[in-house]
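One structure below.
Please treat every number below as a calculation from the coordinates, not as lab data. What you see is a predicted model, and the numbers here were worked out from it, not measured in a lab. Heads up, the Cβs are rebuilt from the backbone with ideal geometry, glycines too, and the neighbour counts pull from every protein chain shown.
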Amino acid sequence: MSDLHNRQHDPDAYALEGEGLSYWRDSAVVPQFLFQQLSSDQVADCVVVGGGVTGLNAALRLAGRHQRKVALLDSAYPGWGASGRSFGFCGLGGGFFMDASRQHKMIVKKLGEAEAIRFGQSQVQALAFLKASIRELGADAQIQGDGELVLAHSPAQAIALREQASFYASTLSVGADFLSSAHLLDHGMHHRGQQDHCLGGLHIKAGFGLHPLRYSMALATACHQAGADLYGQSDVIAISPERDGRVRVHTSLGSVLAKQVLVATNGYTSQRSAPSLAGCSLPVLAHALVTPPLSEARLQAQGWWSDVMTRDARRLPYFFRLLPGGRMLFGVYGGLWGSWDASRLGEEQFAPRLRAAFAQTFPAWADLEPSHFWSGLTSFHASGLPHIGPVAEMPGVWTAQGYHGRGMALGAWAGAQIADIMAAKRRYDALPLAFRMPLNAYPFPALQAWAMKAGLLALTTYDRWR
Ligand SMILES: Cc1cc2nc3c(=O)[nH]c(=O)nc-3n(C[C@H](O)[C@H](O)[C@H](O)COP(=O)(O)OP(=O)(O)OC[C@H]3O[C@@H](n4cnc5c(N)ncnc54)[C@H](O)[C@@H]3O)c2cc1C
């Protein structure tokens, strides 16, 4: 990428060849021929900057349903960012708190009960949207599992999870059952939490697992078929207003002049391409490993054979799910013993730590050498809320971002919402207020990296004792 220094993390996090080979990249076809580099000056109705699930869904909707001439530009290629590296958990969430019930309480305090309910319901809609999108695309996205299991990693969390169960039914009309440790053992969900035995968990009956890169590639192909021009290797280095009210989007070799622009770069946002977005999104690393396929005997030895997507109740949870074909995926978001370091060295140091966490959770598989290890960036906002809206002081420019590591469903839905708004088919003020809160930069930019480290350390410590 041409402007590494205008992003907030270590340059290695943005290096085009730097993502490590994800299991997804190893098991999907990326039609690179669809993603030529932008090398001339073009005109379009709408430009989408960033080809993750947000940008691709927006581009598809604009080009297909709304018949706009669309150009989508990505620094690398569509799907290269978080969307193609995700753990593939499609569940409720999208705010600072992974648990919808805690997030609900936070929004009630800020915006009142009615808006908190609207926010929660939009997460349920996002899941339905994503499922319908996969079906309509005919994507071979390996949809898997029934809902999401949240495991208690400590006795205190087992009590908290039991208490949360009623929230899902009463507020979101989503079933949720607390499963005892005996039930987990009987149904192939035997793991070890902070204690030596499992302590039960909350089964939230919403969500599913998917192959995120195959979904992204199905979207990209559909965008192409709908007439959108997709450009790879096309890093946007500036967005400038023109006298006639249009906006020019510049790359180093070309530009696109358009009436409207969507910036959908989330955790990979450059400080240069959209200065008024600078410092609004805190990029937080997430890491994943995948094991070789596990034989039936190995699954039985550990006592885990369920395909339900699972995380624990930590503030910085462990995520795991048994993929089709018997490989186990295991991942974490930032904070685990210094995982904020995105440099090559940092990654090399972190991989064994992630493996140790995996071995502690699944002792019978402690000897397994992972076949894949990779990382990516998620985006956290100071408000603790995702954001959809106009970019301040840039008429015609919109953004959708900040899903706090839960953007597979919410990002896809947000992309479609913003496309309808840009096409004037939906009123902006019809969106739940939680998405429309002003996007504020984090205070004290120079201290941001340190503040992030301190915050992640605090959460890691909290998780050890709660
Ligand atoms: C390892 C990992 C695991 C995750 N697991 C889950 C999960 O299980 N469930 C879940 O819901 N969420 C998960 N997330 C979060 C989820 O992946 C993101 O919220 C979601 O993919 C965001 O999609 P997006 O389209 O907004 O951004 P991205 O997919 O990050 O796409 C942004 C794109 O913008 C491009 N870009 C950036 N700057 C420029 C520029 N200047 N010019 C042109 N292009 C640019 C990048 O190349 C990138 O392709 C995970 C994230 C990571 C990193």
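What FRET efficiency would be calculated for the residue pair residue 205, residue 238, taking the C-beta separation as r and a Förster radius of 45 Å, to the nearest 0.05?
Calculated value: 0.45.
What ranking do 320, 444 get, fewest neighbouring Cβ atoms within 10 angstrom at the top?
Going from sparsest to densest Cβ surroundings: 444, 320.
In the chain, if the dipole is taken from +1 on Lys/Arg beta carbons and -1 on Asp/Glu beta carbons about the Cα centre, which of 104, 230, 158 is farthest to the positive end?
Result: 104.
When a/c is below 1.5 the answer is rounded, else prolate if a/b is larger than b/c, else oblate, so apply that to the range 113-167 with a ≥ b ≥ c taken from the square roots of the Cα gyration tensor eigenvalues.
It comes out oblate by the Cα gyration axes.
Cross-link candidates for residue 69: which lysines have Cα within less than 19 Å, leaving aside residues fewer than 8 places away along the same chain?
By straight Cα distance, residue 69 reaches 259, 425.
At R0 = 22 Å, how high is the FRET efficiency between residue 26 and residue 348 if r is their beta carbon distance? Nearest 0.05 is fine. All intermediate terms of the calculation are to be shown ahead of the outcome.
Working: r = 20 Å, r/R0 = 0.90.
Here the calculated transfer efficiency is 0.65.
So what's the projected area for the chain, the Cα convex hull averaged over all directions, in nm²?
Projected over every direction and averaged, the Cα hull of the chain covers 19.9 nm².
Can you tell me the FRET efficiency between residue 105 and residue 43 if r is taken as the Cβ-Cβ distance and R0 is 41 Å, rounded to the nearest 0.05?
Values: r = 48 Å, r/R0 = 1.17.
FRET efficiency, residue 105 to residue 43: 0.30.
Give me 310, 221, 461 ranked fewest to most by other Cβ atoms within 10 Å of their Cβ, as a rough exposure proxy.
Ascending number of Cβ neighbours within 10 Å: 461, 221, 310.
Taking GluC sites (Glu not before Pro) as candidate sites, keep only those in a DSSP loop with at most 14 other Cβ atoms within 10 Å, then name the longest stretch of the chain containing none of them.
With a cap of 14 other Cβ atoms within 10 Å, the longest stretch comes to 18-241.
If one computes the Cα centroid of the range 115-176 and of the range 185-254, what distance in Å separates the two points?
18
Specify which residue in the list 93, 343, 13 is farthest towards the positive end of the charge dipole of the chain, using unit charges on the beta carbon of Lys, Arg (+1) and Asp, Glu (-1), about the Cα centre.
93
With charges only on Cβ, +1 for K and R and -1 for D and E, what is the dipole size of the range 129-177 about its Cα centre, in debye, rounded to 20?
Value, rounded to 20: 80 debye.
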